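The structure under discussion appears below in the form of structure tokens.
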Amino acid sequence: MPEPEATPQQDQREPAMGTVHHLDDHRPTPAAPTVSLVKPAPDPAPGSAPGEDSAGTGGEVSVVEAVDRPDNPLADWLTVPDAPVLPAWARSRASIQANVTAFVRLSWWHTRYHGVRTPKYLLKAVLLAARGLFRACAGIWPTLSAQDHTATVKALRAQSRARPEDVELAARHQAAHAVRTQTRRWRFGIAATGVAAAATGLYLADPLLQTGVAAAVGVPLAYLGRGEETRLLDQAAPPLRVDMSATQLNDALRAAGLLKAGKGDDDGPKVTCVMGPVRDGKGWAVVFDLPRGGGKTASDVLAKREVLAQELGVDEIQVIMSRVRAAKGGNAGRVSMWVADDDPYLADSTPSPLARMERFSIWDPIPFGQDARGNRVDVPVVWQSMFFGGLPRRGKTFTQRLMTAAGLLDPWVCHYVADFKGGQDWMGMRHVAHRLVLGAEQDAIEAFKAMLKELLAEMERRFALFRGLPTSICPEGKLTPQIIEKYRLPFIFLTVDELQEAFLTMDDREREEVVDDLGRIARRGPAAGFISNYASQRPDAKSVPTKLREIITIRCCTQVTDKTSSDMVLGSGKAATGADASLLSEDHTGVTVLVTGPASYATVKNDLLTTTEFNALCLKGRALREPLGQISGDAAGDVTAKADQAGFVIAPVLSDCLDAMRHSDRMHTADLLNRLVNADEDRYGDWDADKLAAELETAGVERTSKQVKISGVNRAGWRRSDLEAAVPEELLLAARQSTPAQPVEGTPAT
């Protein structure tokens, strides 16, 4: 485990709950200053005699010297070192636990890795032992064969051939040959006897002893048979794909141009590690200060995220960086960095806890997802407005629905919903929504504009009410839990999905008017209890007007194509600070970059709330509101919702046609078919006028007229009254008689 220079630091773990969790959520302990043993005495007053105090009392004054005075010979010896007592990894319980956990994980992985390769290692050991035996035999052969005497015999033999008449030389040759023969005999005899005795004893020994002896003989032979090209154990790649140290960090920053290069043997200036690098979960955490004099700030580091990732050998999605602000012990040059071992956003989404809840208070932060370290991210929405953007099929609507779903479980939340895609995503809201607009046709656009005017009027009515209330009831001119129940003024949750579809059908004047209305609601509405929840699929200036986007406090973006598009949703310049949704890939479904403030952002793996679960929450929300009389508007008069509540099954085609004609009393057949296809292409994609007529007739619809006149055009079509006539009369009567709950003390209903 690397151990860089560091100063003491508190636990860097983030809390489990909160508004948005950041990687820089820490407060470092200040470095211990140089300590003096005694305080220096003040200089004597002018004119005072030695031994007199400054007041001239003549009392004895202890005049001492400071430890750090240059003329004190003991200054260096008595000065307390400004260095940490414990290494970086041992300064907190969480850090020790993280490192121990990482060591156990690594050890267990190596155990499994090498365990499955044991047969391979045994075979390799046998081969190495065989090679070692060969090398041992080759090494001992000169001794067994008495090669030292053989060399003497060969030399004498050569001389004898040159001088055959030399009798003394022949005698020496014969003696040398005898010595050689005798030496070979006893050496080979001893070796053969030893081998035979060892083999016999090993054969007769206990199996456990045989194994021990075999290992005792085989291990040295295998060691002797080793070579540079042959290794007994495979080289394992540990699961910790990133191994960070202070040296690597400095090298990466220097390569990115954030640190000056050194000269000669000097590496140059280095960062000061306030904490780490230490293991933190499935990654490395480090908090460091840039050196002064280099002209670089923490913002410069954030802008070099991709280069730093390349230098550290990881993908930029694995590098999580943020500034450490002064409120948390930071400064303009302090950076918190966490580098994951792998892409932390590829795991399956966590099921939303909202699906299991029976009730939820909108005053509490909404469960939203998990950050890269697996910490919960909860988002407070009271007094806020929200905007969601990004490419299609990346989970944008699912993420937006998390916010609205939380409001379903609070009976004191009134919903206004506009879905300009007109599909199945928001169809369940017909059971709860006071106003529900589906589709981007002209009648739906007109209904949406009327809904905005209704909301603006309600907002002004509420502010007028607040101005007349005493400060004991309305101390801050805002909605309170007491005002909600006393005056029956629920939170108003405005959800608008696929804004771009509505804007594309409007001319410039209409679009400007709608943007102004949405902006007024987002700007002034929060104090009156309005929560805006907007979403658009196309991040451009027309679909995301700047004057609407810039007044929204919470912004969330799924994958986009480039940094410019990311800034369109999250705010100008956010990509340069690290909040960049263009880093997400097509594999990051349900992953968003969440911005909750000027310097607060996080990349979040959002909780998953399926359409089936969302529809179930809509029914649960209706059941919570009915006892309080909070079912009003479109939800109170919706025939299909009444049928579902009464347990009466309406033919799906009849229910879908009623939803398609929600804002019209008559519609041409071609337009009705287009809306049905838009709502459910799989079911109605191949339908024509004849099939539609046959299916509606089977559902009990009797047409009073096959032709309808709309805007002076008379064509084949349908009347809503004919469709409603196929619904049981008691359901129609109940729907028509449903009215919004009457407020207390004479205030009008929402």
task: Please specify each residue of segment 401-460 satisfying the condition of being under 23 Å from residue 656 (Cα atoms), outside any helix (DSSP H, G or I) and out of contact with any strand residue (DSSP E or B) (no Cβ under 7 Å at 6 or more places or on another chain).
output: 423, 424, 439, 440, 441
- request: For segment 560-567, state whether one or more residues are open to solvent by less than 20 Å² (accessible area, probe 1.4 Å) and at pLDDT below 85.
  value: no
query: Any chance segment 610-618 includes a residue that's in contact with a Ser or Thr (Cβ under 6 Å, 6 or more places away or on another chain), surrounded by fewer than 23 Cβ atoms within 10 Å (Cβ to Cβ) and at pLDDT 90 or above?
result: no
message: Considering only segment 416-436, I want to know if a residue exists there that is buried (at least 21 other Cβ atoms within 10 Å of the Cβ) and under 22 Å from the mean Cα position of the chain (by Cα).
response: no
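Taking the conditions exactly as written (assigned to a loop (DSSP other than H, G, I, E, B), more than 30 Å from residue 721 (Cα to Cα) and in contact with a strand residue (DSSP E or B) (Cβ under 6 Å, 6 or more places away or on another chain)), does residue 579 satisfy them or not?
Details: assigned to a loop (DSSP other than H, G, I, E, B): yes; more than 30 Å from residue 721 (Cα to Cα): yes; in contact with a strand residue (DSSP E or B) (Cβ under 6 Å, 6 or more places away or on another chain): yes.
Yes, satisfied.
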query: Within the set of pairs 6+ apart or on separate chains, which have a first residue in segment 113-130 that is within 11 Å of residue 221 (Cβ to Cβ), a second that is in a helix (DSSP H, G or I) and at pLDDT below 80, and C-beta atoms under 7 Å apart?
result: 125/218; 125/222; 128/222; 129/218; 129/221; 129/222
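Can you tell me how many residues in segment 477-487 are in contact (Cβ under 8 Å) with a residue 24 or more places away in the chain and either open to solvent by 50 Å² or more (accessible area, probe 1.4 Å) or under 35 Å from the mean Cα position of the chain (by Cα) (or both)?
Step one: filter segment 477-487 for residues in contact (Cβ under 8 Å) with a residue 24 or more places away in the chain, giving 477-479, 481, 484-487.
Cutting the leftovers down to either open to solvent by 50 Å² or more (accessible area, probe 1.4 Å) or under 35 Å from the mean Cα position of the chain (by Cα) (or both) gives us 478-479, 481, 485-486.
The total comes to 5.
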query: Is it true that some residue in segment 326-341 is modelled with pLDDT of 90 or more, of a type in the set (Ser, Thr, Tyr) and part of a loop (DSSP other than H, G, I, E, B)?
result: no
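Determine whether residue 706 is charged (D, E, K, R), farther than 30 Å from residue 336 by Cα and either open to solvent by 30 Å² or more (accessible area, probe 1.4 Å) or touching a Gly at 6+ places or on another chain (Cβ under 9 Å) (or both). Spell out how you get there, then give the answer.
On the way: charged (D, E, K, R): yes; farther than 30 Å from residue 336 by Cα: yes; either open to solvent by 30 Å² or more (accessible area, probe 1.4 Å) or touching a Gly at 6+ places or on another chain (Cβ under 9 Å) (or both): yes.
When the stated conditions are applied, residue 706 passes them.
Looking at the structure I just gave you, is residue 468 open to solvent by less than 60 Å² (accessible area, probe 1.4 Å), out of contact with any strand residue (DSSP E or B) (no Cβ under 8 Å at 6 or more places or on another chain) and at pLDDT below 90? Show your work before the answer.
On the way: open to solvent by less than 60 Å² (accessible area, probe 1.4 Å): no; out of contact with any strand residue (DSSP E or B) (no Cβ under 8 Å at 6 or more places or on another chain): yes; at pLDDT below 90: yes.
When the stated conditions are applied, residue 468 does not pass them.
Take the residues of segment 243-299 that are of a type in the set (D, E, K, R) and part of a helix (DSSP H, G or I): which is surrounded by the fewest Cβ atoms within 10 Å (Cβ to Cβ)?
First, pick out the residues of segment 243-299 that are of a type in the set (D, E, K, R): 243, 251, 254, 260, 263, 265-267, 270, 279-280, 282, 289, 292, 296.
Those left that are additionally part of a helix (DSSP H, G or I): 251, 254.
On the way: 251: 16, 254: 19.
For segment 243-299, the residue satisfying everything is 251.
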- prompt: Can you tell me which residue in segment 584-599 is least open to solvent (accessible area, probe 1.4 Å), limited to those that are out of contact with any Ser or Thr (no Cβ under 8 Å at 6 or more places or on another chain) and either of a type in the set (A, V, I, L, M, F, W, C) or under 18 Å from residue 549 (Cα atoms) (or both)?
  reply: 595
- prompt: Does residue 728 satisfy being at pLDDT below 85, surrounded by fewer than 20 Cβ atoms within 10 Å (Cβ to Cβ) and more than 45 Å from the chain's Cα centre (by Cα)?
  reply: yes
- request: List every residue pair whose Cβ atoms sit under 9 Å apart, with the two residues 6 or more apart in sequence or on different chains, where the first one lies in segment 207-228 and is closer than 18 Å to residue 135 by Cα and the second, anywhere, is part of a loop (DSSP other than H, G, I, E, B) and modelled with pLDDT under 75.
  value: 222/232; 226/232
message: Looking only at segment 302-319, filter to residues that are more than 17 Å from the chain's Cα centre (by Cα) and part of a loop (DSSP other than H, G, I, E, B); which one of those is surrounded by the fewest Cβ atoms within 10 Å (Cβ to Cβ)?
response: 313
message: It is to be established whether one or more residues within segment 694-704 are without any contact (Cβ under 8 Å) to a residue 12 or more places away in the chain, under 17 Å from residue 719 (Cβ atoms) and not in a loop (DSSP other than H, G, I, E, B).
response: yes
query: Taking the condition of a type in the set (Asp, Glu), within 26 Å of residue 348 (Cβ to Cβ) and touching a helix residue (DSSP H, G or I) at 6+ places or on another chain (Cβ under 6 Å), does residue 378 pass?
result: no
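Among the residues of segment 545-559, is any charged (D, E, K, R) and either part of a strand (DSSP E or B) or under 19 Å from residue 369 (Cβ atoms) (or both)?
First pass over segment 545-559, keeping only residues charged (D, E, K, R): 547, 549-550, 555.
Now drop any that are not either part of a strand (DSSP E or B) or under 19 Å from residue 369 (Cβ atoms) (or both), which leaves 555.
Taking every residue of segment 545-559 in turn, at least one turns out to be charged (D, E, K, R) and either part of a strand (DSSP E or B) or under 19 Å from residue 369 (Cβ atoms) (or both).
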query: How many residues, within segment 330-389, are closer than 28 Å to residue 283 by Cβ, hydroxyl-bearing (Ser, Thr, Tyr) and open to solvent by less than 20 Å² (accessible area, probe 1.4 Å)?
result: 3
Scope segment 108-127; condition in a helix (DSSP H, G or I) and open to solvent by less than 80 Å² (accessible area, probe 1.4 Å); matching residues: 109, 110, 113, 114, 115, 118, 121, 124, 125
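The values are calculated or read from the model by the stated rules, or taken from the named source; none is laboratory data. What you see is a predicted model, and the numbers here were worked out from it, not measured in a lab. Cβ atoms come from the backbone with ideal geometry, glycine included; neighbour counts cover every protein chain shown. Side chains are part of the model used for accessible areas, which takes the heavy atoms of the whole protein and leaves out ligands, DNA and RNA. Shrake-Rupley method; radii C 1.70, N 1.55, O 1.52, S 1.80 Å.
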